[in-house]
1. Using only the alpha carbons of the stretch 79-198, determine the length spanned along each of the three principal axes and report them from longest to shortest in whole angstroms.
2. Considering only DSSP beta bridges whose two residues both sit in the chain, what percent are antiparallel, to the nearest 5?
3. What three numbers, in Å, describe the spread of the alpha carbons of the stretch 197-339 along their principal axes, ordered from the longest?
4. Based only on Cα atoms, what mean projected area does the convex hull of the stretch 2-149 have, in nm²?
5. To make sure I understand, if each residue's beta carbon is the centre and we count other beta carbons within 10 Å, what order do 70, 240 fall in, fewest to most?
6. Let me know the Kirkwood hydrodynamic radius for the stretch 207-246, please, with Cα pairs as the basis and the value in Å to one decimal.
7. Considering the alpha-carbon set of the stretch 137-239 alone, what are its Rg and its Dmax in angstrom?
8. When only alpha-carbon atoms are used, what values of Rg and Dmax, in angstrom, describe the chain?
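Every number in this text was worked out from the coordinates using simple rules, so none of it is lab data. Keep in mind that what you see is a predicted model, and the values were worked out from it rather than measured. Reconstructed Cβ throughout: ideal geometry from the backbone, glycine too, with neighbour counts over all protein chains shown.
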Amino acid sequence: MKLIIRMDAYAKIGLGHLSRTITLINQLLKQSSVEIILLVEFDQVSRSIFESRVDNEILVIDKNNLSEEEFLLSNINTIKPDKIYFDIIYDYSLDFITSIKEKAEIIFFQNNSKSKFKVDKFILPSIHNDNEYLNDSRWKEGELSILYHGSNYVIFNDSLEKYRSNNLIQKEKIKKIIVTTGGSDPEGVMLKLLSFLNGSEYEIFALIGVNFIKKDELEILKRELSSNIHLVDFDYSYFEDCDLVISTFGVTTYELVYLGIPILSVGHAIPNARGSAVMASKISSMIDLGLSKELNIEHFQSSLSKIKKDYSTFQKRAFLNKDVFSKDAVKNIIDLILK
């Protein structure tokens, strides 16, 4: 079977798609004889990460400034795939998806374009969508649903497992806080959060993404930061013994729940803020801070104080919540791809 995977990874969109795709490809190569062809737009950093973490060589075809539809059509006609798996942010037209559906089975992974109701399978690896979205009648073809939704399809980075404790170790109070705002942080949420935390009592590690955009502004702010705030490159090892993470809502939020760490979550854009609010209503170890542009220091401090005052409870909740997600997510997605 020939499988095309369509994915992009560069500074503007972050590294979530890249991390998921690497995990999926490595497991596919181990579990099946599928011929994988990756259609991609990389920046230099993302390409380096991909090449260092994929276990075997696969065919990688670069977009090279082609239009999205031209890039896909030319490769579909040349490769003649059996299936095409999309993990990409792009609004594909209904006509385009209908046309390529005649050539191969179409599988969307969390692509929310207008054509999503016309694919063969739609995988929604989330617990933060509202019921109106999930119960839309257009998800059904006759009696069969094309929607595969929920915690059973959430893929986590392989390297997370070693930081996931099987035992609850109760701590008396919050000492170490991690701040993370994604790979690129185009809205500069990190700058706002650090200004709120400046002069606080905690040991703070700000994890700066590899593609962080506002480096000049951060350098200026750095001169004013108290000595207990440390700016470091993003590395999962910092999560191992931390007490609380303040994070923009996205892939990292799910990873933190999986690791069993209490979370203060903020949305860098309106859709993310909505998702953060829904997820916080389901995950008791998480507090939603709302939209970053509207977040003020009073609301931030009151939310942090809420966790601080009842930290024992939040620790217990976080430990229990980490089992919300299936450890078989990659297998579940591969099963959907192959069947």
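1. 58, 35, 35
2. For the chain, the DSSP antiparallel bridge percentage is about 5.
3. 56, 35, 31
4. In nm², the orientation-averaged hull projection of the stretch 2-149 is 9.4.
5. Sorted ascending by nearby Cβ count, the order is 70, 240.
6. Hydrodynamic radius (Kirkwood, Cα only) of the stretch 207-246 equals 11.6 Å.
7. For the stretch 137-239, the Cα-based Rg and Dmax read 19.3, 62 Å.
8. Both quantities, over Cα of the chain: 20.7, 62 Å.
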